[in-house]
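Presented below is the structure to which this report refers.
The values are calculated or read from the model by the stated rules, or taken from the named source; none is laboratory data. Predicted model, so just to flag it, every value in this text is computed and none were measured. With ideal geometry, Cβ positions are generated from the backbone for all residues, glycine too; neighbour counts draw on all protein chains shown.
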Amino acid sequence: MEVKRVSIREAKKRIKNDPELSKMLVRSGWKEIALDLDGDGFADVSFSCEKAGRKIDTMAVDLNGSGEYNLYLHDFDGNGIPDTVIFMKEGSEEQAVVAFGGEVELGFINLGVRVANLLVAEDFLNKELGLSLADLAAYLKAHAVAMLAEIEKRENATGIDKVYYFLEDAQTYYLATVEGNQPRVRPFGTILLRDGKLYIQTGRVKAVSRQIAENPLVEICACQGGTWLRIAAELVEDDNHDAKVEMLEKMPALKAMYNADDANMQMFYLKDAKAVFSSFTAEPELIEF
Ligand SMILES: Cc1cc2nc3c(=O)[nH]c(=O)nc-3n(C[C@H](O)[C@H](O)[C@H](O)COP(=O)(O)O)c2cc1C
């Protein structure tokens, strides 16, 4: 399984670009970021690394809401998978240190992954330490309602929403075009769901744009863990100014290269899309939009 980890610097950038998360940021250091999820003034979750600016290697969670972290996930060997869980009962010196069995990404990637980290950790703690899932559910309800709502929305998504969240979480997908009888493929990351349409963005000056003009039939492939998504679709150009603005607001890094009024920025939405989710363990799922 490919493991993605983000540096503390990258995590900070992501938090600052997210209006919800930036409101929760209570500490933003070289080696630690802390978020106050419920606005009570205490940090509920912290992401840290041993050396300034490095990849995040530790996540600490305040499971009791008492202002004290009592759950630590630490990635000693730096492979992105927490290998140690340290759980401290409230008001006690007692620590339980346990090797972590599950494969989870340790890092500040998105809401879905963060909550998944907590849930996997809790599942493990439940088995090893008798800390119940109900405790975590209560914690999440009390302290992270927004996070829970977001993960539920993502996990229960169907149709085009499911495709959108998968591409968002994957961060990078691969867009294939054809040039004559030669396939061309390259990494893409822009993705926006707007008015029930899934948009991608490129620059008119690029070869990919010329290829789409000549033949708008494309395929997209993305993968996360053991699941891959393949979408065959026709791209339709949409010059809608608001859609361009929305894309730039959603992905502010694009602003260094494009603006909504330049002649270069180009948006396409997917038409007659056939999206198939596949894995080694489940039947393929076809979603058409
Ligand atoms: C992670 C990643 C994401 C990218 N996302 C986009 C994107 O959304 N749109 C785009 O036009 N280029 C994107 N690029 C750059 C293109 O891959 C690059 O310009 C490529 O050469 C375009 O294909 P072409 O050479 O056939 O025109 C991305 C590159 C990387 C590494």
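The set of residues in segment 156-174 being under 27 Å from Glu214 (Cβ atoms), crowded, with 18+ Cβ neighbours inside 10 Å and within 11 Å of the ligand (Cβ to nearest atom) consists of Leu167, Tyr173. Taking the condition within 18 Å of Tyr164 (Cα to Cα), touching a residue at least 40 places away in the same chain (Cβ under 8 Å) and not small (Gly, Ala, Ser), does Lys271 pass? Answer is no for this residue. For the subset of segment 175-214 comprising residues that are in a loop (DSSP other than H, G, I, E, B) and within 13 Å of the ligand (Cβ to nearest atom), which member is surrounded by the most Cβ atoms within 10 Å (Cβ to Cβ)? Filtering first and then ranking leaves Ile191. Scanning segment 144-154 for residues that are in a loop (DSSP other than H, G, I, E, B), more than 16 Å from the ligand (Cβ to nearest atom), among the hydrophobic types (A, V, I, L, M, F, W, C) and at pLDDT 75 or above turns up nothing. Can you tell me which residues in segment 215-256 are exposed (fewer than 15 other Cβ atoms within 10 Å of the Cβ) and in a loop (DSSP other than H, G, I, E, B)? Result: Asn215, Gly225, Gly226, Asp239. Note on segment 258-289: residues that are loosely packed, with under 15 Cβ neighbours inside 10 Å and under 13 Å from Thr190 (Cα atoms) total 0. Scanning segment 42-63 for residues that are surrounded by fewer than 18 Cβ atoms within 10 Å (Cβ to Cβ) and either touching a residue at least 24 places away in the same chain (Cβ under 8 Å) or part of a strand (DSSP E or B) (or both) turns up Phe42, Ala52, Gly53, Arg54. Restricting segment 257-281 to residues that are touching a strand residue (DSSP E or B) at 6+ places or on another chain (Cβ under 8 Å) and in a loop (DSSP other than H, G, I, E, B), the residue that is farthest from Gly196 (Cα to Cα) is Met257.
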